[in-house]
Amino acid sequence: MPLALRDRPSGRLPPRTVDALVAGAVLVVVVVWTLVSMRYTSESALRAVLGWALVLIGCGALFFRRRQPVAVAVVTLLACVVYYPLSAADGPLMIAFALALYTTAAEGRFAAAVALAAVTLLAVGLGEIRQQPGHRQIDDTSLAMLAGWLISLVAVGRAQRTRLAYLHEVEQRALAAEREQEARARQSATEERLRIARELHDILGHSVSLIHVQSGAALHRLSKNPAPEAGLATAAEALEAVKSTSKDALRELRATLGVLRRADEATPTSPASGLALLGELAERARSAGLDVRTSVTGTPVPLPPPVDLAAYRIVQESLTNVTRHSGARTVRIALDWDDRSGTATRTHAGARVLRLRIADDGGGAPDGGPSGSGIRGMAERARALGGELTAGNADGGFLVDAHLPLTTPAATHTATEAPEAPPTTPAPEGDPR
């Protein structure tokens, strides 16, 4: 992992500029120190020129220390090996090698750094051993200090490398968490848009369809019966039905828009509509000319608000589709509160399921299968609660069959643990109404 992986804050100098400044600073220190040392020594011009050339080579190589760390460390080491026996000034060129050795370890070339440190210590030790007694340049204590110095340089470089790797990993994790949070926010926004679209489609689509049918039926009867008294009665009946339907649509629309306006408040714990209003829903459909028959089997239990609302919307959208598309005369709505057969058993592992069946005698869909955003919306509602919905032609008409669990994943009590409460649906109606 190269050091280039580090993200540098804005305002920092470019890496090459930093390398040039470091090389220049080391060169200044070595030159000044060497000039001071030369005041107390003398040497030939040739040796002085070679010494200064080695100083320039060793310090200049530091400009490439991060791009070629091992090569620069070798060059600075060789410059020191030639410089110290040759020059009488003994300037601090060893600083260049020390910095190159540290950079080698910090750039992840740990094995090379250890090898160079070992070679350096071994070469100095052998050189001192070969000296005549009394002519050694470095005593045993200084040799031990040199070993500790080299080991420290490699260790500090390795620690810096580990630190940079840790900081990079932390930064990458933070970026990944931020991206995940943004993705979740986008997903939540998309799901909320789809939910709002389903609500508005179900509310406005159902009510506007009924108003359209009621108005069309009134106009048709007026054209067939031009008598003033009969015409007024027909118009009054149609306007009363339109008034009732539009009033219910406005009520539900205001409730939905109210939730959107209160962005800083908690989501309401109960929906604006539920199966308790199934009777009103059936009456509005009857006012449009449909013969709506409802039946209930099993024992009704209180439903969680999301399930209650989804069941109501499924019935509402099914009646809307019948009114707009099927040309049916009769619609049967069946509620089974304890269905444990067929698909429901496989999906909910034997748990109690509310089964909704909405069947009409309109001849079915032309292509024999479900289509349109309304049916897709009903299926999405069912799947969101852990249930499922199928729709298609059956028995000379169209059938919507939904299975909804009596509890939601977030519920704290199961349906069997729920306290006794009045049923949320109308009483069973076995006979046509």
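The values are calculated or read from the model by the stated rules, or taken from the named source; none is laboratory data. Given the structure is predicted, the values throughout are model-derived calculations rather than measurements. Backbone-built Cβ (ideal geometry, glycine too); neighbour counts: all protein chains shown. The area values use the complete protein model at the heavy-atom level, side chains included, leaving out ligands, DNA and RNA. Shrake-Rupley method; radii C 1.70, N 1.55, O 1.52, S 1.80 Å.
Go through region 14-90 and tell me which helices (runs of 4 or more DSSP H), entirely inside it, have 2 or more residues that are of a type in the set (Ser, Thr, Tyr) and surrounded by 21 or more Cβ atoms within 10 Å (Cβ to Cβ). Lay out the reasoning, then the answer.
Working: elements: 15-38, 45-60, 69-86.
In region 14-90, the matching helices (runs of 4 or more DSSP H) lie at 69-86.
Can you pull out the residues in region 215-234 that are open to solvent by less than 50 Å² (accessible area, probe 1.4 Å), modelled with pLDDT under 70 and assigned to a helix (DSSP H, G or I)?
Of all residues in region 215-234, those open to solvent by less than 50 Å² (accessible area, probe 1.4 Å) come to 215-218, 227, 230-231, 234.
Now narrow it down to the ones that are modelled with pLDDT under 70: 217, 227, 230-231, 234.
Selection gives ALA217, ALA230, GLY231, THR234.
If we scan region 240-249, do we find a residue that is polar (S, T, N, Q), within 30 Å of ARG383 (Cβ to Cβ) and either exposed (fewer than 13 other Cβ atoms within 10 Å of the Cβ) or at pLDDT below 80 (or both)?
Let us first name the residues in region 240-249 that are polar (S, T, N, Q), namely 244-246.
So of that shortlist, the ones also within 30 Å of ARG383 (Cβ to Cβ) come out as 245.
Now narrow it down to the ones that are either exposed (fewer than 13 other Cβ atoms within 10 Å of the Cβ) or at pLDDT below 80 (or both): 245.
Yes - at least one qualifying residue is present in region 240-249.
Would you point out which residue out of ARG340, ARG346 is exposed (fewer than 15 other Cβ atoms within 10 Å of the Cβ), under 33 Å from the mean Cα position of the chain (by Cα), basic (Lys, Arg) and modelled with pLDDT under 75? Quick ask: steps written out before the conclusion?
Numbers: ARG340 fails: under 33 Å from the mean Cα position of the chain (by Cα).
It is ARG346.
Is it the case, given these coordinates, that THR294 is assigned by the TED database to the domain that holds GLY327 and either in a helix (DSSP H, G or I) or at pLDDT 75 or above (or both)?
On the way: assigned by the TED database to the domain that holds GLY327: yes; either in a helix (DSSP H, G or I) or at pLDDT 75 or above (or both): yes.
Yes, satisfied.
Give me the pairs: first residue in region 308-337 and outside any helix (DSSP H, G or I) and open to solvent by 30 Å² or more (accessible area, probe 1.4 Å), second residue modelled with pLDDT under 85 and not acidic (Asp, Glu), beta-carbon distance under 6 Å, and six or more apart or on different chains, which are they?
Correct list of pairs: GLY327/GLY362.
Could you list, in sequence order, the residues of region 77-92 that are under 23 Å from ARG67 (Cα atoms) and in contact with a Ser or Thr (Cβ under 8 Å, 6 or more places away or on another chain)?
LEU77
Which one of these is over 26 Å from GLY157 (Cβ atoms) and without any contact (Cβ under 8 Å) to a residue 40 or more places away in the chain: VAL28, VAL82, VAL49, VAL72? I'd like the intermediate steps shown before the answer.
On the way: VAL28 fails: over 26 Å from GLY157 (Cβ atoms); VAL82 fails: over 26 Å from GLY157 (Cβ atoms); VAL72 fails: over 26 Å from GLY157 (Cβ atoms).
VAL49 is the lone residue from the list that is over 26 Å from GLY157 (Cβ atoms) and without any contact (Cβ under 8 Å) to a residue 40 or more places away in the chain.
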